[in-house]
């Protein structure tokens with residue numbers, strides 16, 4: 001009898017074990033990340049070096065190489081110009097902004113002992129710049145408008161296809177100025193000792209608008225946010241730590257920046273303090289972007305996709 005009871009309990013134990021729910025394996029998510037070869041990617045280099053197989057990183061020279069891949073679902077998170085984020089949202093509703101990652105990087109560069117300290121110092125000046133139809137143009141037009149300077153009358157803007165052309169024009173026309181973003185501004189100063197930064201347009205923008213100038217932001221596909229919210233949050237945490245490390249360790253970071261083909265280490269080391277790399281989230285992000293989008297919309301609605309994005313654009 002005792003033997004039968006033991007056998008019965010053994011059978012019941014086996015059935016009990018079989019009935020226990022099997023713990024589901026945690027899905028391994030590898031996010032595909034894209035950024036531009038400039039400040040928007042420079043803040044990522046520490047996590048690019050240490051994050052292992054959790055992410056795949058793609059660095060491109062132009063937003064045009066990233067945008068179609070977002071639409072196809074090949075890119076999950078991308079660092080793009082801030083106005084492009086608005087355009088993509090308004091056109092597709094398929095992306096959200098998850099962080100601002102680059103504040104203003106625009107500087108006016110001039111020859112010799114030139115100084116730009118007041119509105120009158122810009123009167124009659126020719127400004128050479130690349131980036132027509134993108135953030136540099138919209139930022140410059142907004143600043144000129146706020147200063148009550150009429151383009152073509154008070155100030156003359158000549159658009160070039162590349163930053164190198166702006167520098168060449170500046171060197172041949174010593175009374176002119178050039179609007180250059182970082183790290184190209186630092187590179188120009190290193191190559192031409194006669195040049196210097198004569199005005200920080202980012203400080204000027206903030207004094208006018210009460211909010212920082214925005215250059216780039218991180219966007220994620222809405223589908224990815226819905227399915228892998230925790231993975232995106234983890235990415236943002238690592239990215240924030242990477243930004244802090246890059247800003248605190250310029251020398252070491254510049255070596256990684258060169259390693260990943262962004263720019264030369266010598267330029268990166270000198271440019272990093274002027275690149276305004278951040279990881280801005282939450283209400284601070286919303287406020288800064290709302291002011292930026294409103295400013296761009298007032299100049300050219302097409303610059304943000306035809307309308308100021310709704311609150312739904314923010315993660």
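The values are calculated or read from the model by the stated rules, or taken from the named source; none is laboratory data. Keep in mind that this is a model prediction, so the values were computed, not measured. Counting neighbours? That spans all protein chains shown, and the Cβs are built from the backbone with ideal geometry, glycine included.
Quick grid of which residues meet (1) surrounded by fewer than 20 Cβ atoms within 10 Å (Cβ to Cβ); (2) touching a residue at least 24 places away in the same chain (Cβ under 8 Å); (3) closer than 16 Å to residue 39 by Cβ; (4) assigned by TED's automatic domain parsing to the domain that holds residue 79:
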site: 236; (1), (2), (3), (4): yes, yes, no, yes
site: 246; (1), (2), (3), (4): no, yes, yes, yes
site: 254; (1), (2), (3), (4): no, no, yes, yes
site: 263; (1), (2), (3), (4): no, yes, yes, yes
site: 271; (1), (2), (3), (4): no, yes, yes, yes
site: 296; (1), (2), (3), (4): no, yes, no, yes
site: 299; (1), (2), (3), (4): yes, yes, no, yes
site: 304; (1), (2), (3), (4): no, yes, no, yes
site: 309; (1), (2), (3), (4): no, yes, no, yes
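Scanning the range 275-284 for residues that are surrounded by 16 or more Cβ atoms within 10 Å (Cβ to Cβ), assigned to a helix (DSSP H, G or I) and touching a helix residue (DSSP H, G or I) at 6+ places or on another chain (Cβ under 7 Å) turns up nothing. In the range 48-58 there is no residue that is within 22 Å of residue 131 (Cβ to Cβ), in contact (Cβ under 8 Å) with a residue 60 or more places away in the chain and buried (at least 18 other Cβ atoms within 10 Å of the Cβ).
All conditions but one from (1) surrounded by 15 or more Cβ atoms within 10 Å (Cβ to Cβ); (2) under 21 Å from the mean Cα position of the chain (by Cα); (3) touching a residue at least 60 places away in the same chain (Cβ under 8 Å); (4) assigned to a helix (DSSP H, G or I) apply to residue 241; the one that does not is (1).
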